[in-house]
Structures are given as structure tokens and as C-alpha cells.
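The values are calculated or read from the model by the stated rules, or taken from the named source; none is laboratory data. What you see is a predicted model, and the numbers here were worked out from it, not measured in a lab. Cβ coordinates were reconstructed from backbone atoms using ideal geometry, including for glycine residues, and neighbour counts include every protein chain displayed.
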Amino acid sequence: MKIIVTGAAGFIGFHVVKNLLEQGHEVVGIDNINSYYDVKLKYDRLAETGIMMNEIQHYQFAQSKTFPSYRFMKLDLTERDHLHSLFEDEHFSHVVHLAAQAGVRYSLQNPYAYINSNGVGFVNLLEVCRQFKVKHFVYASSSSVYGANTKLPYKESDRTDNPVSLYAVTKKSNELMAYAYSNLFHIPLTGVRFFTVYGPWGRPDMAPTLFMSAISTGETINVFNHSNMKRDFTYIEDIVIGLTKIIPSPPKEEIPYAIYNMGCSSPVRIMDFIATIEKVTEKKAVMKMVDMQPGDVVSTYADTSLLKKDFGYKPSTPLNFGMQKFYEWFKEYYS
């Protein structure tokens, strides 16, 4: 397979690129390397796959020093003409779309970033996939599409028309646009709804890193909704394994479109999550109970029976094991 991975400098994108390269595939990575969080982490991820910061330029390939079959280009998905030229030149067989403007709370401050990246960028990618006949387009959706649903666990067939954040709106709109393109142009498309992914090289704006950093240094952490929250934490390696099963397997229905939940199906109370971090760091958390944040939901919980039925796979890494691995990386990287 010749695969393009968008968001290759991001958390999930980096891990997927590395796994695909280790499997022997030819990979092109693209990313706009925006400053939503510290770009040093993004450049360090790229360096782990042999892409050196001083060789990265707009619209030009940087060749990996580690993997002969990997090239990277700095490119924004809103740059339609350059994206078209890239697809015209490279003839990709598969697309793995993991680029997005991430974060629920930031969408309250900068809505245009979400409309441009998650909206315009997604349509641009659909268009080049239509024109250049890719075999399978796999893209990241999110558990946030379930919005204010109170029925648990979340199942792919549940209603997803009551979003509580603009981020969720953009992810739901991606699913709708993907369905339309699959129906109209017979493009094989699969969306994957991720549930709170964590692990080494994780995003610094997410709770695992924020809490671990604060607890390690004795700083106070805000515990939202007065600790009345649960999250379906999913270890990054489980996500990568699931994606590498899906990528070579396009939907075969008359309309070649599919959606899968990808979560550990084991929601964890926030206080238990904090206790796990206390155990691995051997430090006590200093906590402040605060109200629910706008755009948040009380619980997430993935029903993964469809993923199990179609691929014989279910994420299963226990939180204590995953957080230990995360802490080992965290100590080494942030030291």
C-alpha cells in the first residue's frame, strides 16, 4: 500500500505512521504543524520517524533518515491546489486522515480554526479522493459526536444530533459529508470514533498529561463537575492495532461506508483515574473541585461489538498498565 497520513506530527498520526512503516508500507505524511500546543513536541515526534526539523519546508518533501519509505511535507489541508498536486503526483492507494483542529474547549474561543481545518480541509480531501480513485479513505471521528446522549454504552446506531461543542459539530459533519461522497461517488470510506486516547507522546492539553504534570510537581488540579465524571480511556497501541486492521479492509456494502467506535469499553471514574496517576507517580494529588466546563459531557462509554464482529478486535489495555507506560515516557521526555 502507498498511504498518505494526514496529521503525521500529531499524537495518533505519529504512532500510525511509525507502525505502517514498520510493516513495510510506503508512507507520505503531511501536517501543518500549527501552534495549538507546543510545536516542539510535534517536531520531536517527527524526529522519532527520521524527519529532521531543519529539513521541513512548505510544499517540499523531507526524506526520513530512519525509514527509506517515508517522506514528510508541511502542508495545510485548506491549501487546495497544493493538495491536488500532491495527489496527482503520488497516486496514493489509501488515505488515513488524522489531521484536525483538536480540543473541545478551544472551539469556544476560536471557532474559525475548526471550520477551516475540520470542515474545508475535510471537503478538500474528499474531493482529491474522488478525483484520484483511492481504494480506501479512513478518517478520525470522535466520541464527542454522541453529545448529550445519556444512553450508555454509546452504539454506532445511536442518535448523534445533539452536540454540545463546535468540535463535535465538525466531527459529525465529517461523517455526513463522508456518507454523501461514498453514496454519490462510490468512494470506500470508514470513520472511526475515538474515545479519550492516551499514551506516550500524548497531547499536552489532555487530562492524562495535565494531571500527571501537576501531580508530579505538586500543583493543584481542577476536577470538573465535582468529580462526577467518567471517561473511556483508550491506550494508543490499541488504537493503532485497530486502525491497521481497518485500513486494508474497505467496506463492501452497496454504499461503501462504515463507522466504528474504538474505545476500551471500560469507563473509569475520574477519581479512580487520579488514583492511578498517584500510584504510578508515588505522589498525592492536590485537588480543587469545580463546576462542569462548557462543551463537556458527564460520561463516555464505547460499545465496540461492531468492531469485534467485523474485525475480531477489541481494545483491551488496562488503565494501570497504559498509565505506567505513559509515565515512563513522560519522565524521560519532560526531564
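Descriptive notes on the structure:
- When the criteria are applied in full, Met292 fails the requirement of being at pLDDT below 95, surrounded by 20 or more Cβ atoms within 10 Å (Cβ to Cβ) and of a type in the set (A, V, I, L, M, F, W, C).
- Matching helices (runs of 4 or more DSSP H) fully within the stretch 252-335 where at least 2 residues are of a type in the set (Lys, Arg) and at negative phi: 305-311, 319-334
- Restricting Ile51, Ile33 to residues that are within 22 Å of Ser117 (Cα to Cα) and among the hydrophobic types (A, V, I, L, M, F, W, C) narrows the list to Ile33.
- Inter-residue pairs, beta-carbon under 9 Å, first more than 19 Å from Ala140 (Cβ to Cβ) and in the stretch 105-117, second exposed (fewer than 14 other Cβ atoms within 10 Å of the Cβ), 6+ apart: Leu108/Pro294
- Cβ separations smaller than 9 Å between residues 6+ apart or across chains give the following pairs from the stretch 128-150 residues that are within 11 Å of His91 (Cα to Cα) to residues that are at pLDDT 95 or above and among the small types (Gly, Ala, Ser): Val134/Ser93; Lys135/Ser93.
- Going through (1) surrounded by fewer than 16 Cβ atoms within 10 Å (Cβ to Cβ); (2) among the small types (Gly, Ala, Ser); (3) assigned to a strand (DSSP E or B) one by one, Gly29 falls short only on (1).
- Selection status of Ile277, closer than 17 Å to Pro208 by Cβ, over 22 Å from the mean Cα position of the chain (by Cα) and either among the acidic types (Asp, Glu) or surrounded by 14 or more Cβ atoms within 10 Å (Cβ to Cβ) (or both): yes
- Of the criteria (1) out of contact with any Phe, Trp or Tyr (no Cβ under 7 Å at 6 or more places or on another chain); (2) of a type outside the set (A, V, I, L, M); (3) touching a residue at least 12 places away in the same chain (Cβ under 8 Å); (4) within 15 Å of Val192 (Cα to Cα), which one Thr234 fails: (1)
- Arg269 vs. criteria under 29 Å from Ser35 (Cα atoms) and either under 24 Å from the mean Cα position of the chain (by Cα) or modelled with pLDDT under 95 (or both): no
- Lys230 meets the conditions (1) out of contact with any Pro (no Cβ under 7 Å at 6 or more places or on another chain); (2) more than 29 Å from Gln23 (Cβ to Cβ); (3) of a type in the set (D, E, K, R) in every case but one. The failed one is (1).
- Flag for Gly295 being of a type in the set (Gly, Ala, Ser), under 18 Å from Phe195 (Cβ atoms) and touching a strand residue (DSSP E or B) at 6+ places or on another chain (Cβ under 8 Å): no
- Residue that is part of a loop (DSSP other than H, G, I, E, B), in contact with a Gly (Cβ under 8 Å, 6 or more places away or on another chain), at pLDDT 95 or above and crowded, with 16+ Cβ neighbours inside 10 Å, where the choices are Phe92, Phe72, Phe67: Phe67
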